[in-house]
Amino acid sequence: MQHRIVVVGGGAGGLELATRLGRTLGKRGRAKITLVDANLTHIWKPLLHEVAAGSLNSSEDELNYVAQAKWNHFEFQLGRMSGLDRAGKRVFLAPTHDEYGIEMVPERELGYDTLVIAVGSTTNDFGTKGAAEHCIFLDTRQQAERFHRKLLSHYMHAHANGSDGQPGTIDMAIVGAGATGVELAAELLHAARELAAYGLNQIQPENVHITLIEAGPRVLPGLPERIGAPVAQTLAKLGVTVLTDAAVSEVTEQGLHTKSGQFVPASLKVWAAGIRAPGFLAELDGLESNRINQLVVRPTLQTTRDDDIFAFGDCAACPQPDSERNVPPRAQAAHQQASLLAKSLRLRLEGKALPTYRYRDYGSLISLSSFSAVGNLMGNLTGNVMLEGWLARMFYISLYRMHQIALYGIVRTSLMMLGDRIAKGTVPRLKLH
Ligand SMILES: Cc1cc2nc3c(=O)[nH]c(=O)nc-3n(C[C@H](O)[C@H](O)[C@H](O)COP(=O)(O)OP(=O)(O)OC[C@H]3O[C@@H](n4cnc5c(N)ncnc54)[C@H](O)[C@@H]3O)c2cc1C
């Protein structure tokens, strides 16, 4: 019987891996590759803040798993993993329902010889009172689109009531001044300008009030100060209010309370601080997990208690040899691990030793929408180089292009880039529905 490799989770890492394995082992009939995802389409998660602001139309950048599977010699199964039987080598999938509650696929199980878990992470609100109820998280396309609809409805409401002469305002708050929060703030200010330019000018850009609330001592606490400082300056110039050393203690419909007693009024609230892996991983048939539900893996990306089960990307706690910290939950890491696993799983079939993973940090880039981009690049030859402006923006975009090249190849990615350029002149610059 053919060796069965099941990859669960078709995100930044899992989809790249299934595609690479399909093109090699699947195409040559050396293994049967199956990708499982809870959705029918994939959108690269780092684009979600652009979907929320409306600068990106998610239906134009989504990839259909069924078609990708057909083109790349793997099989796609729609389903949400809910459990595991290690002894019987079976993955359990919960039933999937459509938006009307009608069952699309039933509960079932899937056999494997090698299992790779890449189910990503979700936002961690640390159990803060009212956060889940009143904040929007940016974990899925649906959540990002929901935020966008709420934003537009504020504008449409103000537009419809335009004749009463009152200038409209919007108060928005973003919890977490990490990369996602900072980039979202800039993207929302850009959207405010675009919306006004399209005639929805009852809310003028200067009346869009954005507050970034950060529990740490500064903007971008996880990145070097020399990136954080220019970003903080740009945000200040753009009129974003930044509260640092401010931990949110409660969220209500009216706004957010901090532990120190401050109240930030906000009608639109986004929680973009912290991650945790999906809850079902915490009790997955005896596999080792940590306090944020990540599966603990060895440097080969095999789980500590089962050689036949690998985990990578945001849902895995992968040690780093020279650091007390695990590999960070970033698209860059998921991309590198997918490339390594594509090799490892081939070597495994040949009975050879597996290579170990070492995270290579190629730098961090922060895009402040059309206003600016700041970051650093790290290379063996160049050392640590600071970048700003247009060049930083180009390198920022290149991370997504690398993901597209892994999925579509260079020729199709180039044609898609050309298509994007042409489409720019024919569609609104902002999604207006
Ligand atoms: C708004 C935003 C901006 C970001 N910007 C950046 C950035 O600029 N640079 C950067 O390096 N990183 C960025 N990140 C982080 C980056 O997106 C993640 O590190 C990366 O997507 C992790 O890849 P992954 O494959 O582990 O998981 P994901 O890409 O999250 O994919 C997980 C997949 O698993 C599927 N899934 C989940 N649960 C199940 C289940 N039970 N059964 C089946 N399928 C399941 C999901 O549908 C999804 O397709 C950003 C994140 C966000 C939210």
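The values are calculated or read from the model by the stated rules, or taken from the named source; none is laboratory data. All values derive from a computational prediction rather than experimental measurement. Note that we place each Cβ from the backbone using ideal geometry, even for glycine, and neighbour counts take in every protein chain shown. Keep in mind that these areas ignore ligands, DNA and RNA; they rest on the heavy atoms of the full protein, side chains included. Shrake-Rupley method; radii C 1.70, N 1.55, O 1.52, S 1.80 Å.
What to note about this one:
- Å² of accessible area per residue within region 131-271, as computed with a 1.4 Å probe and no ligands counted: 44
- Residues 103, 16, ordered by accessible area of protein heavy atoms at a 1.4 angstrom probe radius and largest first, appear as 103, 16.
- Violating pairs (Cα-Cα greater than 26 angstrom) within the set 129/150; 45/237; 269/431; 129/431; 45/259; 45/150: 45/237; 129/431; 45/259
- Within a straight-line Cα-Cα reach of under 20 Å, residue 343 can be paired with the following lysines, leaving aside sequence neighbours fewer than 8 residues apart in one chain: 27, 32, 352.
- Portion, in percent, of the accessible area of region 363-423 that falls on carbon or sulfur, probe 1.4 Å: 70
- Cα gyration tensor category, rounded, prolate or oblate, for region 363-423 with a/c compared to 1.5: oblate
- Ordering of 105-117, 333-345 by packing [mean C-beta count within 10 Å, highest first]: 333-345, 105-117
- Inter-label distance for residue 198 and residue 107, nm, one decimal - labels placed 7 Å from Cα along Cα-to-Cβ: 4.4
- Sequence-distant contacts, meaning Cα pairs under 8 Å at least 6 residues apart, place the relative contact order of the chain at 16 percent.
- Under 12 Å, Cβ to Cβ, from residue 41 - net charge with Lys/Arg +1 and Asp/Glu -1: -3
- Taking every protein chain into account, the 1.4 Å probe leaves residue 250 with about 60 Å² of accessible area, to the nearest ten.
- Rolling a 1.4 Å probe across all protein chains gives residue 416 an accessible area of roughly 60 Å².
- Sequence-separation-based contact order of region 363-423, relative, with Cα cut under 8 Å and 6+ spacing, percent: 23
- When a 1.4 Å probe is rolled over the protein heavy atoms, the share of accessible surface on region 88-218 that falls to carbon and sulfur comes to 51 percent.
- Accessible area, probe 1.4 Å, largest first, for residues 348, 276: 276, 348
- Note on surface exposure: 226, 28, 358, 330 rank 28, 358, 226, 330 by accessible area, highest first, 1.4 Å probe.
- Debye, to nearest 20: dipole size of region 1-132, +1 on Lys, Arg Cβ, -1 on Asp, Glu Cβ: 840
- Simple spin-label estimate for residue 384 and residue 250 in nanometres, 7 Å along Cα-Cβ: 4.2
- For the chain, the mean residue ellipticity at 222 nm estimated from helices alone is -10000 deg cm²/dmol, where every DSSP H run of n ≥ 4 contributes -39500 (n - 2.57) and the total is divided by all residues, rounded to the nearest 500.
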